[in-house]
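Scroll down for the structure; my scribbles are underneath it.
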Amino acid sequence: MTHTITTAAVRRAAHAALTAAAALLLAAAAPATAGTSTGGLPGGDHLFLMVTKGDDRSSDTRGTLLLCDPPQGHGRAAEACAQLDSVGGDIDALPPAHVYCPMIYAPVTAQARGEWHGRPVEYRQTFSNACVMGARTGAVFALGD
């Protein structure tokens, strides 16, 4: 019997694995206090961030858990948390940076899932290249910094 697997199935499995890893990170980062209203998850603002380089068939994905009380998760966590706080956690509302980006098509997809001030956050956007992503999202998806 021959089994084939599609890239879509691989992506779904990778996404499920990253989501499970984020849940484990959240559980490990949670303080060991009884009676928290979040069921053991951090009470502060947190987002699981993922950046995928390439088109939909790519498997070049990096992810991290951004915690904001205190800021941690990547090299620019404090800056990312401050930027998110200034727009109430609405990534689409971040003001664009005034930079010149090359007109090179090298797509990157930014995704965020989590909670900000008690409200759920779901974000997914594909940008033409990493420069455009950085200009539109500030330090939030600066996972390589």
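So the values come out like this:
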item	result
Phi-based couplings in Hz for region 90-99 (Karplus 6.51, -1.76, 1.60; Gly and Pro marked x)	8, 4, 4, 8, 4, x, x, 6, 8, 10
Area accessible to solvent at Asp55, 1.4 Å probe radius, in Å²	70
All-pairs alpha carbon distance profile, region 39-145, 10 Å steps from 0, percent	16, 49, 29, 6, 0
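The values are calculated or read from the model by the stated rules, or taken from the named source; none is laboratory data. Since the model is a prediction, treat every value here as computed from it, not as a measurement. What goes into the accessible areas is simple: the full protein's heavy atoms, side chains included, and nothing from ligands, DNA or RNA. Shrake-Rupley method; radii C 1.70, N 1.55, O 1.52, S 1.80 Å.
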